[in-house]
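Asks: Quick one: the structure is below, questions incoming.
The values are calculated or read from the model by the stated rules, or taken from the named source; none is laboratory data. This is a predicted model, so every value here is computed, not measured. Ideal geometry is used to build each Cβ from the backbone, glycine not excepted, and the neighbour counts take in all protein chains shown.
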Amino acid sequence: MSSAPARAPARAGIRVTRWPWWVQVAGLYAAARFISACIFMAAALHQDVNPWFPAKPDYWSFINIWDARWYGEVLQNGYPEVLPTDGAGNVQENPWAFYALFPLLGRAAAALTGMPPAFALTLIAMLSGLAAALVIYRLFRLRAGHRTALWGTVFVSTFPVSPVLQVPYAESLNLLLLAAALLLAMQRRYLWAMPAVVLMCLSRPTGVPFAAMLGLLFLFRLWKHYAAARADATRLGPASAEAAGLTEDVPHSRTQLWWLGGLTAVSGASALLWPAIAWAVTGDIRAYTKTETVWRGEDLVPFKPWFDAGIQLFGPVLGVLAPFVFVALFAAAMLCRPVRALGPELRLWCVCYLGYLLVFLHPQTSTFRMLLPLFPLALSAAVVSRSRAYRGTVVIMFLLLQIVWIVWLWAWAPLPGGGDYPP
């Protein structure tokens with residue numbers, strides 16, 4: 001009799017595993033967002049007076065701060081035709097730093113439903129995050145079994161900065177489009193990937209690393225194509241391997257290479273689309289880059305900000321070495337077995353995206369949020385061990401770090417010199 005209650009959770013767990021995959025993913029993602037909402041609400045109770053609202057705001061007010069206010073500005077007023085400047089002619093902060101797809105969708109949703117703009121943006125962000133979790137699971141299933149892919153998706157859903165997926169930021173929309181583009185590329189559906197890539201490049205600045213990834217992938221596939229032609233392809237033979245679903249072992253045909261090359265060209269052009277739009281509207285060819293660099297307080301010099309940050313944190317000697325150590329550690333991680341399990345596409349994406357950050361990013365507290373596109377590494381983390389204790393510990397650690405991220409960076413706490421660290 002006493003053992004019946006102990007067996008109840010096990011029976012419930014078995015029933016859950018029999019649910020359709022999309023129900024499992026959606027349920028786990030919703031649970032993760034509910035926990036994040038609780039953390040937001042708890043942090044809001046301790047929020048003092050700030051630039052946006054009185055102390056102790058409600059949940060909806062609390063999540064509509066920081067960049068959410070900029071997206072709301074774009075939704076309601078659009079983009080300026082003339083860049084705002086100060087008395088010395090220096091460009092000031094303005095909406096051109098925020099890509100148009102997310103606020104345009106918010107404007108359409110608000111117009112169709114009559115809901116307030118802030119709620120429309122929040123709804124789009126939340127639905128995009130849910131859709132992204134579903135697509136990420138399908139992407140992970142190409143490289144792992146159901147349970148491991150599900151745990152990888154849970155890791156993404158509970159990642160320390162994952163609360164940003166439920167606030168009016170473009171991260172959730174960009175994550176959805178990025179995951180969809182990667183999924184289609186891995187399935188060799190290059191034509192279908194083109195619209196996903198164009199939309200992705202209009203949501204956030206991920207087009208440059210994606211184009212670089214596709215260019216390297218094209219060269220890799222081209223080499224494999226001609227190497228297979230000389231060496232009589234794989235052991236199974238192309239037709240048999242493809243019939244067995246082993247697309248990774250099947251060299252690209254000439255037609256597939258043409259489509260991959262076309263997708264690479266579309267990606268390269270799309271990466272320049274938003275700066276070109278800013279140029280066309282304002283008449284300033286550097287409108288976008290001038291706007292982006294306003295927040296860092298200096299012109300863009302590739303790699304330099306990482307060395308500046310290293311020197312500030314570790315001193316003049318160790319600080320210069322710190323970026324090299326970081327790159328070496330990342331390279332070693334890319335060569336370990338769990339990461340190799342990702343396959344060439346996802347590994348190339350992680351390498352190219354980190355390279356993009358090293359070249360163009362000004363490292364600061366927002367850097368944590370910008371690591372979200374490295375989500376394929378969540379599958380590698382799930383591959384490390386099948387132990388439920390290990391995987392559960394990772395989730396608990398991520399949830400605790402969510403508290404740190406929200407309380408430290410999302411909540412407003414003025415610094416001695418004014419302002420606050422952005423999330």
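Asks: Regarding A193, is this residue touching a residue at least 40 places away in the same chain (Cβ under 8 Å), closer than 27 Å to R391 by Cβ and of a type in the set (G, A, S)?
Replies: no
Asks: Go through (1) of a type in the set (V, I, T); (2) farther than 26 Å from G207 by Cα; (3) part of a loop (DSSP other than H, G, I, E, B) one by one and return the number of the condition V320 breaks.
Replies: Failing condition for V320: (3).
Residue-by-condition table, conditions (1) aromatic (F, W, Y); (2) in contact (Cβ under 8 Å) with a residue 40 or more places away in the chain; (3) closer than 30 Å to K56 by Cβ:
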{"site": "C350", "(1), (2), (3)": "no, no, no"}
{"site": "G355", "(1), (2), (3)": "no, yes, no"}
{"site": "L361", "(1), (2), (3)": "no, yes, no"}
{"site": "T367", "(1), (2), (3)": "no, no, yes"}
{"site": "L379", "(1), (2), (3)": "no, yes, no"}
{"site": "V407", "(1), (2), (3)": "no, yes, yes"}
{"site": "W410", "(1), (2), (3)": "yes, yes, yes"}
{"site": "G418", "(1), (2), (3)": "no, no, yes"}
{"site": "P422", "(1), (2), (3)": "no, yes, yes"}
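Asks: Output the qualifying pairs, or none if there are none: Cβ atoms under 7 angstrom, residues six or more apart or on different chains, first residue in the range 128-146 and in contact (Cβ under 8 Å) with a residue 24 or more places away in the chain, second residue buried (at least 19 other Cβ atoms within 10 Å of the Cβ) and not in a helix (DSSP H, G or I).
Replies: Within 7 Å, the pairs are I136/F375; R143/L342.
Asks: While we're looking at this one, here's another question. Would you tally the residues in the range 358-372 being buried (at least 18 other Cβ atoms within 10 Å of the Cβ) and out of contact with any Pro (no Cβ under 8 Å at 6 or more places or on another chain)?
Replies: 2
Asks: With the condition kept exactly as written, say whether any residue in the range 294-304 is in a helix (DSSP H, G or I), within 30 Å of A97 (Cβ to Cβ), in contact with an Asp or Glu (Cβ under 9 Å, 6 or more places away or on another chain) and among the hydrophobic types (A, V, I, L, M, F, W, C).
Replies: Yes, the range 294-304 contains at least one residue that is in a helix (DSSP H, G or I), within 30 Å of A97 (Cβ to Cβ), in contact with an Asp or Glu (Cβ under 9 Å, 6 or more places away or on another chain) and among the hydrophobic types (A, V, I, L, M, F, W, C).
Asks: Of all helices (runs of 4 or more DSSP H) completely enclosed by the range 333-396, which ones contain at least 1 residues that are over 13 Å from the mean Cα position of the chain (by Cα) and closer than 21 Å to L134 by Cβ?
Replies: Of the helices (runs of 4 or more DSSP H) lying wholly inside the range 333-396, those with at least 1 residues that are over 13 Å from the mean Cα position of the chain (by Cα) and closer than 21 Å to L134 by Cβ span 343-360, 377-383.
Yes or no, residue by residue, for (1) over 25 Å from F140 (Cα atoms); (2) outside the structural domain of T148 (by TED's automatic domain parsing); (3) at pLDDT 95 or above; (4) in a helix (DSSP H, G or I):
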position: A4; (1), (2), (3), (4): yes, yes, no, yes
position: R15; (1), (2), (3), (4): no, yes, no, yes
position: A26; (1), (2), (3), (4): no, no, yes, yes
position: A31; (1), (2), (3), (4): no, no, yes, yes
position: A37; (1), (2), (3), (4): yes, no, yes, yes
position: A42; (1), (2), (3), (4): yes, no, yes, yes
position: D48; (1), (2), (3), (4): yes, no, no, no
position: W52; (1), (2), (3), (4): yes, no, no, no
position: W70; (1), (2), (3), (4): yes, no, yes, yes
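Asks: With T293, T282, T289 as the choices, which residue is of a type in the set (S, T, Y) and at pLDDT 95 or above? Show your work before the answer.
Replies: Details: T293 fails: at pLDDT 95 or above; T289 fails: at pLDDT 95 or above.
Selected residue: T282, the only one of T293, T282, T289 that is of a type in the set (S, T, Y) and at pLDDT 95 or above.
Asks: Please go through the range 89-132 and pick out each residue that is farther than 15 Å from Q76 by Cα and not in a helix (DSSP H, G or I).
Replies: Selection gives G89, N90, V91, Q92, E93.
Asks: What are the residue pairs meeting all of these: first residue in the range 304-322, first residue without any contact (Cβ under 8 Å) to a residue 60 or more places away in the chain, second residue basic (K, R) and in a loop (DSSP other than H, G, I, E, B), Cβ atoms under 9 Å, and 6 or more apart or on different chains?
Replies: Partner pairs satisfying both residue conditions: P305/R296.
Asks: Going through the range 183-205 one residue at a time, which ones are under 12 Å from the mean Cα position of the chain (by Cα) and surrounded by 24 or more Cβ atoms within 10 Å (Cβ to Cβ)?
Replies: Taking the range 183-205 as the starting set, the residues that turn out to be under 12 Å from the mean Cα position of the chain (by Cα) are 200, 203-205.
Listed by number, the residues that qualify are M200, S203.
Asks: Let me ask something additional. Surrounded by fewer than 22 Cβ atoms within 10 Å (Cβ to Cβ), part of a helix (DSSP H, G or I) and at pLDDT 95 or above: is that true of T153 in this structure?
Replies: Criteria not met by T153.
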